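Have a look at the structure below, then the notes.
The values are calculated or read from the model by the stated rules, or taken from the named source; none is laboratory data. The model shown is predicted, which means the values in this text are computed figures rather than measured ones. All Cβ positions, glycine included, derive from the backbone under ideal geometry; neighbour counts span all protein chains shown.
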Amino acid sequence: MPLLLNSFPESLVGEDKAIKTFSHLTWSTTITLIVVWFIGGVVYNLFFHPLRNFPGPLMHRALVIPFSVYWVSGKSIYNTQKLHEKYGPVVRLTPGHFSFCDSRAFKDMYGYLPTTNKGGSSPAPEMDKTRPFNRMFDALPLQILNACLDEHRAVRRALSHGFTETSLRQQEIYIIKIINHFYNYVGFDLTDDLSFETSLRTLDGSPYRSWVHDIMKTIKSGTYMQVLSYVGLHWLVQVFFWFFGHKNLGKMNRLLVLAGNAFILVLGGSETTATVLSGVTYLLTTHPEILAKLNDEVRSAVASPDDIAMATVGKLPYLHAVLNEALRMFPPVPTGLAREVPVGGGQIAGHSVPEGTIVEVQQWSINHSSAYWKDPWTFNPDRFLAASAEDALEAGNVWESLQPFSFGPKELDSLARAVMRLILTRIVYDFDLRLAGDSEGWMGRQKVHIL
């Protein structure tokens, strides 16, 4: 073997060395450029970025990595709430991403901006939904939660008639018929029945229970896709979708053919209701004095299950207060609904924000802020028994900062509240509740993956 090696011409040996040298030089140059690009990005984000003067932790202001890690771990809302406690009502979560803990920001972000950024008097455009958090998969059609502004309005107009007070009362008989237990299953059966006049029958143990569980898994995995899109790997998300998600979507469509908006109606009307009912059950069983007061109100007003109707539960003020307080303490959508500031920039809660900035109001943060609620970590339904919003304000509670159903079509608010009141009334009437031993500290163990 040594003889064979020594027999190679010196020109070939020299050429091989040149190739190796070039290869090493290429890799060194590539690594150097990556390091320079990374350091340059950090320097720009900290010292030259248009948002550099807004507060936030050093690593959050420099990189998207800390926020991304918190997001996929299910702990983002808890971290953001602590950041607001430290830095105030405006926090820079990443170099180009804000969180506002300010009730004025709801209108500025999710409605019309007050004026254009050029000093005009006409309303500026609404803030559109961000692509990383709302439109991860290019191949999927848009629906009401991620549609562009004009299309969103058109869909809302088409759906709104089914959620009027008159419509809900006409469907009351179906709502009462389906109400039982198993919060997630009753939510899916009820919403499906009202939407399509057919039930998934998950309460009866039908095969569609697995479909419900698949939806829960899809929501959780969606956070990973959001982060990939958020950090600039939108193309990789499309690859994942075509190799994995497309197959799962086809399976789901074979089980139950649902258009995008119908899917949102079923999910929005079921999972959010189940979340609040789970939260209020935990809160009541950990506050027996409040549960006893609610028991007295319900069992004094209701003589039999046949008396439980919208008209009846609509006259139970303490029931309403308990549900409102549960919505505050354990909001169904605790994360922020991210929006992108339009061309020309905008004004949010008194701050000038440049175009392209991602902004949001996280309900968990504002619902637990002492700037808006007296003793925000205390479960106290009495705060919603004030005679008026002005009286509540004098007691340190800003009712308008509670916006649990600001997501999607507003009309879902009426349906969700009606269903929650009916179910909770029936549960309280039928059962004496107490906390199971393995549920101690349940609320503090919850992780958040979008919901």
* Structure fact -> A careful count of residues in the stretch 324-341 that are over 18 Å from residue 442 (Cα atoms) and within 15 Å of the chain's Cα centre (by Cα) gives 5
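Select from the stretch 344-388 the residues that are of a type in the set (S, T, N, Q) and part of a loop (DSSP other than H, G, I, E, B) and write down the one among them that is nearest to the chain's Cα centre (by Cα).
Of the residues in the stretch 344-388, the ones of a type in the set (S, T, N, Q) are 347, 352, 357, 362-363, 365, 367, 369-370, 378, 380, 388.
In the following step, the residues that additionally are part of a loop (DSSP other than H, G, I, E, B) were identified as 357, 362, 369-370, 378, 380, 388.
On the way: 357: 19, 362: 8, 369: 18, 370: 22, 378: 23, 380: 24, 388: 29 Å.
That would be 362.
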* Asked: How many residues, within the stretch 279-312, are without any contact (Cβ under 8 Å) to a residue 40 or more places away in the chain, part of a helix (DSSP H, G or I) and of a type in the set (A, V, I, L, M)?
  -> 3
* Can you tell me which residues in the stretch 57-77 are within 22 Å of the chain's Cα centre (by Cα) and within 19 Å of residue 361 (Cα to Cα)? -> 60, 64, 66, 67, 68, 70, 71, 72, 74, 75, 76, 77
* Asked: Quick one: residue 414 ticks every box in (1) surrounded by fewer than 22 Cβ atoms within 10 Å (Cβ to Cβ); (2) in a loop (DSSP other than H, G, I, E, B) bar one, so which box is it?
  -> (2)
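A quick yes/no check of all residues on (1) closer than 25 Å to residue 350 by Cα; (2) surrounded by fewer than 16 Cβ atoms within 10 Å (Cβ to Cβ):
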{"site": "27", "(1), (2)": "no, yes"}
{"site": "39", "(1), (2)": "no, yes"}
{"site": "50", "(1), (2)": "yes, yes"}
{"site": "62", "(1), (2)": "yes, no"}
{"site": "66", "(1), (2)": "no, no"}
{"site": "70", "(1), (2)": "no, no"}
{"site": "81", "(1), (2)": "yes, no"}
{"site": "94", "(1), (2)": "yes, no"}
{"site": "97", "(1), (2)": "yes, no"}
* Residues satisfying the stated conditions in the stretch 10-63, i.e. touching a Phe, Trp or Tyr at 6+ places or on another chain (Cβ under 8 Å) and modelled with pLDDT under 85 -> none
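Return yes or no: is residue 288 closer than 19 Å to residue 422 by Cα and over 21 Å from the mean Cα position of the chain (by Cα)?
Working: closer than 19 Å to residue 422 by Cα: no; over 21 Å from the mean Cα position of the chain (by Cα): yes.
Criteria not met by residue 288.
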* Asked: Would you call residue 93 free of Cβ contacts under 8 Å to residues at least 40 places away in the same chain, part of a helix (DSSP H, G or I) and touching a Ser or Thr at 6+ places or on another chain (Cβ under 8 Å)?
  -> no
* Determine the pairs where a residue that is closer than 17 Å to residue 232 by Cα, located within the stretch 20-49, has a partner that is in a helix (DSSP H, G or I) with Cβ atoms under 9 Å apart, the partner being 6 or more residues away or on another chain. => 41/62; 42/62; 45/61; 45/62
* Is there a residue being in contact with a Phe, Trp or Tyr (Cβ under 9 Å, 6 or more places away or on another chain), aromatic (Phe, Trp, Tyr) and at pLDDT 95 or above anywhere in the stretch 120-137? -> no
* To do: Scan (1) in contact with a helix residue (DSSP H, G or I) (Cβ under 7 Å, 6 or more places away or on another chain); (2) farther than 14 Å from residue 365 by Cβ for the single condition residue 41 breaks and write down its number.
  => (1)
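If I go through the stretch 313-331 residue by residue, how many of them are surrounded by fewer than 16 Cβ atoms within 10 Å (Cβ to Cβ) and part of a helix (DSSP H, G or I)? Break it down stepwise before answering.
Filtering the stretch 313-331 for residues surrounded by fewer than 16 Cβ atoms within 10 Å (Cβ to Cβ) gives 314-315, 317.
Those still in the list that are part of a helix (DSSP H, G or I) too: 317.
Adding up the residues that qualify gives 1.
Does residue 377 count as of a type in the set (A, V, I, L, M, F, W, C), surrounded by 21 or more Cβ atoms within 10 Å (Cβ to Cβ) and free of Cβ contacts under 8 Å to residues at least 60 places away in the same chain? Don't jump to the end; show me each part of the working.
On the way: of a type in the set (A, V, I, L, M, F, W, C): yes; surrounded by 21 or more Cβ atoms within 10 Å (Cβ to Cβ): no; free of Cβ contacts under 8 Å to residues at least 60 places away in the same chain: yes.
Taking the combined requirement at face value, the residue does not satisfy it.
Looking only at residues that are acidic (Asp, Glu) and more than 12 Å from residue 102 (Cα to Cα) in the stretch 332-374, which one is surrounded by the fewest Cβ atoms within 10 Å (Cβ to Cβ)?
Residues of the stretch 332-374 acidic (Asp, Glu): 340, 355, 360.
Checking the rest, the ones that are also more than 12 Å from residue 102 (Cα to Cα) come to 340, 355.
Values: 340: 19, 355: 13.
Only one residue tops the list, namely 355.
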